Amino acid sequence: MINPRHLPLVFKQVVRHRTRTLLTVGGVAAAMFLFCAVQAMQHAVARATDGRADETTLVVYRENRFCPFTSRLPEHYERRIVAIPHVRSVVPLKIVVNNCRAGLDVITFRGVPEESVESLGLRILEGSLEAWRARGDAALVGRSLAARRGLSVGQSFDAAGVTVTVAGIVDSDAPQDQSVAYVHLPFLQRAARGGGQGIVTQFNVKVDEARHLEAVARAIDAEFRDDQEPTYTSPETAFIARAAHDVVEIVGFTRWLGWACLAAVLGLVANAIVLSVQDRVKEHAILQTLGFRSGLIAALIVLESILLSLLGGAAGAGAAAGVLAWGHFALTVEGVNIAVAADPLAAATGVGLAALLGVAAGLFPAWRASRRPIAQCFRAV
Amino acid sequence: MTTAPFIQCRSLTRAYRKGATVITPLRELDLDVPAGDFVALMGPSGSGKTTLLNLIAGIDRPTAGSLIIGGVDLGRLSAARLADWRAASVGYVFQLYNLVPVLTAYENVELPLLLRRMPSRERHRRVALALELTGIADRHDHYPRQLSGGQEQRVAIARAIVADPPLLVADEPTGDLDGESAAAIMSLLVRLNRELGKTLIMVTHDPRSAAHARRTLHLEKGRLVADDRPNAEAAA
Ligand SMILES: Nc1ncnc2c1ncn2[C@@H]1O[C@H](COP(=O)(O)OP(=O)(O)O)[C@@H](O)[C@H]1O
Ligand SMILES: [Mg+2]
């Protein structure tokens, strides 16, 4: 019943009621921006903390400690962990952050032994590994962190009382690596407050097969149960979920914020359409007098609602994607990073939801407008 | 055998329920109008003129009685079919023009043609022709607020005739215009009747306007009280 030749009518309504359109689209865009940002955070947390069946990384931490400042394990545990069956590699890590609380722009130093750096699977984007090896204060900086802080090779920066020189910008498949700076372990042990020779924060353990993950974790904790510093070992995702527990909770709560944004979009568009339909009672009666069927009027109203909603949705989702892409944000807490990246799927979902909300917002006013007796409309005004 | 009249009302009644009371603005009206006629409808305010016009234009439905136009019994059509009938058969000219404010003159006139499958070139040709015919072609890209009353009414008339319906209804088409514009609009309507053969039903308070008609009906309290045909011989 609706035909492409009717569509210009809808566009003209949207374009020529400029103030209404700008206000509505602006409001929808703001709400959809928030929705998409919330979605991106949800996805980031899910990606970082949902256990995967193919996971092979364990994190060994000091039992009953939850912060990089208080988890202190002897570096020499490494030899005993390596000896446990199914362990492929062990990397002792000292972690220092400039801010122990949750933040979006925290700098995380990870001190690693020189010989372990190969096993991290880092790809060097700029600079070189040799340059890192050559300098005691050298740092390999994750891509997101470098972009966020505008760091380039050769530059020095300091955080948490540690001054380092950028020897390379690195990328890797591990989300954590995007937002950290890898430095020499002895350097960090010396440089950091409360440092200490021979002390590390955690061990990252690679297991040969995912199905051995749990057994190896138990074996490690059993190994150190009676030592002075007992351990608590868990899969990396579970470790992040534990360390970032508060943030995960808050982000989980923002889900409601996301739903509220959608409700706001619905309200905004419905309000705009209800008002404009009320304003145009006579106009719709004119169209019907000219022979437009009431169903066609209803379809035009719903299309207008969809168009307003889509314009706002696209603007908001686009803005969110842009901000997240340029900002390279990472939620950091207790030394673990959850990278919040622009998510094309989330943006597409946002735009799709906006269209659906447009339909929902338009249906009732459209139905009402199509039911009004025509002759009455001319008398009412 | 006489041919059936173009418009045929039999006991045509329109009643409204207002709370407990029933208002009957049109009561058992019988009326025949031959094709090509020009009928003026007169009567005091509230006598049912607009009510009758709305029924004839198919934007309102009879409560009782029958209304047959061009062989179609309007009372039996579904809402959608009635809309299609309006699109093909009737053009409505309002006192207050009723143009769509966000559309230009051209776009307003184009509206009825959007309901038809036709090449856009043909649509353009017809809109241009209607604007030409009503003498408002030079204002085609103006919005209604940029036009005078007389100009707006020309656009409204162009819109009413663009789909070439056989029937035109007009509700006090000059009621809001100054004398000069009113006279111009009247002569335009007369031309549409005489030269294009449109059947024209026009409500008016103005005897000078009514004088152009071939026939003047007087309504009072929903009933036909007089039917003057001073120019009846002209209709043939
Ligand atoms: N929808 C309606 N509901 C109630 N009363 C109506 C309605 N439409 C018209 N009327 C009444 O019918 C009478 C005739 O109205 P109308 O046909 O507009 O008169 P006219 O056009 O001759 O001035 C008036 O008294 C008016 O109040
Ligand atoms: Mg009237």
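The values are calculated or read from the model by the stated rules, or taken from the named source; none is laboratory data. Bear in mind that the values here come from a model prediction, so they are computed numbers and not experimental data. As a convention, Cβ positions derive from the backbone with ideal geometry for all residues, glycine included, and neighbour counts pool all protein chains shown. Protein only, heavy atoms only, side chains kept; ligands, DNA and RNA dropped before computing areas. Shrake-Rupley method; radii C 1.70, N 1.55, O 1.52, S 1.80 Å.
Assorted remarks:
- Dipole-positive endmost among B:L67, B:L177, B:G149 within region B:7-235 (Cβ charges, Cα centre): B:L67
- Share, in percent, of DSSP beta bridges within region B:7-235 that are antiparallel, nearest 5: 55
- Remark: relative contact order (region A:64-229) = 33 percent; criterion is Cα-Cα distance under 8 angstrom and separation of 6 or more residues.
- Gap separating the Cα centres of region B:104-174 and region A:205-228, nearest whole Å: 84
- Options A:P186, A:V166, A:F33, ranked by Cα towards positive dipole end of chain A, top entry (Cβ charges): A:F33
- Projecting the Cα positions of A:Y77, A:A217, A:V45 onto the charge dipole of chain A (unit charges on Cβ atoms of Lys, Arg, Asp and Glu, taken about the Cα centre) puts A:V45 furthest along the positive direction.
- Among the lysines of the protein assembly as shown, pairs that are 8 or more positions apart or on different chains and have alpha carbons within less than 27 Å of each other number 10.
- Shielding by partners - mean other protein chain Cβ count within 10 Å, residues of A:279-289: 5
- Within 10 Å of the Cβ of each residue in B:109-122, the mean number of Cβ atoms contributed by other protein chains is 3.
- Share, in percent, of DSSP beta bridges within region A:64-229 that are antiparallel, nearest 5: 70
- Computed from phi, the 3J(HN,Hα) profile of region A:305-321 under the Karplus parametrisation 6.51, -1.76, 1.60 (θ = phi - 60°) reads 4, 4, 5, 4, 5, 5, 4, x, x, 5, 4, x, 5, x, 5, 5, 4 Hz, with x in place of Gly and Pro.
- Each peptide among A:334-344, A:210-220 gets the average number of other Cβ atoms lying within 10 Å of its residues, and from highest to lowest they stand as A:334-344, A:210-220.
- Computed on chain A, with alpha-carbon pairs under 8 angstrom and 6+ residues apart, the relative contact order is 29 percent.
- Buried solvent-accessible surface, both chains (A, B), 1.4 Å probe, Å² to nearest 100: 2400
- Per-residue 3J(HN,Hα) values for region B:144-155, derived from phi via the Karplus relation 6.51 cos²θ - 1.76 cosθ + 1.60 with θ = phi - 60°, read x, 5, 8, 10, 7, x, x, 5, 4, 5, 5, 4 Hz in sequence order (x marks Gly and Pro).
- Per-residue 3J(HN,Hα) values for region A:267-273, derived from phi via the Karplus relation 6.51 cos²θ - 1.76 cosθ + 1.60 with θ = phi - 60°, read x, 4, 5, 4, 4, 4, 6 Hz in sequence order (x marks Gly and Pro).
- Summarising the amide proton neighbourhood of A:V340: residues at separation of 5 or more, or on other chains, whose placed amide H is nearer than 5 Å comprise A:F329, A:A330, A:L331.
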